[in-house]
Amino acid sequence: MNNQVHREITPLKENDCFLIFDRHRNAFTFPIHFHPEFEINYISNASGARRTVGDHIGEIEDVELVMVGPNLYHGWENYKNTGKKPLHEITIQFPRNLFNDEYLNRNLLKPLRELLSNANRGIKFSKETIKAIEPKLLELSDKRGFDNFLSFQSLLYDLAISRDQQMLTNMSFQHKNDFHNSERIEKVYKFVKENYEQKLKVEDAANLVNMSVVAFSRLIKQRTGKSFIDFVNEIRLGYATRWLIESNKSVSEICFECGFNNISNFNRFFKKKQGVTPSDFRKNFTGTKSVL
């Protein structure tokens with residue numbers, strides 16, 4: 001791993017439920033990092049700052065609310081933010097074993113189960129969601145004891161049922177499979193991750209799960225919102241962006257090793273998804289790390 005991406009040792013102890021940090025500061029100073037805990041990050045007065053989550057880089061607006069899962073790269077840099085207004089940042093961290101599978105498998109908690117699964121790709125919440133939960137979030141810093149834990153669980157559930165959640169990273173940046181609701185898709189996902197560098201046909205995937213091409217194409221569209229080829233290419237793209245971040249391989253090497261057999265198509269697809277060319281993405285990511 002590139003030594004500019006830091007593993008953070010959080011203050012959470014073995015028996016802690018969660019920690020909350022409420023702070024005002026003039027600038028972002030912490031480098032891109034990862035840790036085994038879930039994290040919710042609220043930031044205000046940060047217009048023009050830039051967020052990095054996994055292989056995603058984006059400029060943020062005045063108010064930001066993002067949730068990241070265990071061991072997912074994340075960080076914020078000043079970028080275009082002038083620092084005229086002090087940043088207000090509230091960070092909540094909690095261990096991944098706080099809610100066990102037996103608890104999460106209750107019918108009532110399905111939204112929470114899906115929230116924790118989706119957090120492995122990073123979630124950006126809408127302005128409407130921020131406005132709705134902001135009072136509860138601001139109050140968390142002032143509460144203590146079991147009341148605080150109840151408020152924290154209520155906050156999580158509000159986030160879980162909120163609308164217009166945006167996944168930030170590509171699928172191969174997940175650290176655990178979030179296709180648990182479909183064994184067939186899970187099987188295909190595993191197959192693609194093990195063979196992404198090869199030429200993959202929709203017929204091969206359909207045969208793998210004993211379905212016709214038409215039925216399989218309908219299933220994968222329903223479950224992922226993508227065609228099979230887009231599903232495959234997004235997984236390839238996830239590996240490509242990771243190698244651009246973590247390795248010194250050339251763009252051409254990464255293109256072919258990820259299963260894109262044409263450099264022009266790779267550049268075109270990459271720019272369509274990321275907004276920049278692979279070369280510029282690498283420069284931007286390096287810049288992000290050096291600024292922080």
Exposure proxy check on ARG106, ARG282: fewest-to-most Cβ neighbours within 10 Å is ARG106, ARG282
So if R0 is 35 Å, what FRET efficiency would ASP22 and ASP101 give, r being the distance between their Cβ atoms, rounded to the nearest 0.05?
-> 0.65
With Cα atoms, 0 to 90° folded angle of helix 145-160 axis to the chain main axis = 40
Charged-residue dipole, Cβ positions (Lys, Arg, Asp, Glu), segment 175-291 about Cα centre, Debye nearest 20 | 320
To the nearest 20 debye, the chain has a Cα-centred charge dipole, built from +1 on Lys and Arg Cβ and -1 on Asp and Glu Cβ, of 740
At 37 °C and 0.692 mPa s, the Stokes-Einstein diffusion coefficient in µm²/s for segment 189-254, with hydrodynamic radius from the Kirkwood sum on alpha carbon pairs, is 255
As computed over the chain, the Cα convex hull volume per residue (Å³) = 138
Compute the convex hull volume of the Cα atoms of segment 175-291, divide it by the residue count, and report the result per residue in Å³ as a whole number.
-> 113
Compare the Cα positions of GLY275, ILE123, ASN210 along the charge dipole of the chain (+1 at Cβ of Lys, Arg; -1 at Cβ of Asp, Glu; about the Cα centre) and return the one farthest towards the positive end.
-> GLY275
Report the GluC sites (Glu not before Pro) located in segment 184-217 that are in a DSSP loop and have at most 15 other Cβ atoms inside 10 Å of their Cβ, or state none.
-> GLU197
In degrees rounded to 10, the 0-90 angle between helix 127-140 Cα long axis and the longest Cα principal axis of the chain is 40
With springs connecting C-alpha atoms under 10 Å apart, model the chain as a Gaussian network and identify which of GLY75, GLY225, GLY48 has the largest mean-square fluctuation.
-> GLY225
Could you give the angle, 0 to 90 degrees to the nearest 10, between helix 213-224's Cα long axis and the longest principal axis of the Cα atoms of the chain?
-> 10
Straight-line reach check, LYS273, cutoff 20 Å on alpha carbons, 8 or more apart in-chain or any other chain, hits among lysines -> LYS124, LYS193, LYS221, LYS226, LYS283
Just the Cα atoms of segment 6-169, one point each, no solvent: what log10 I(q)/I(0) does Debye give at q = 0.10, 0.16 Å⁻¹?
-> -0.34, -0.93
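Every number here is computed from the coordinates shown, using simple stated rules; none is lab data. In this text the structure is predicted, and so the values were computed from the model without any measurement. Cβ: placed from backbone, ideal geometry, glycine included. Neighbour counts: every protein chain shown.
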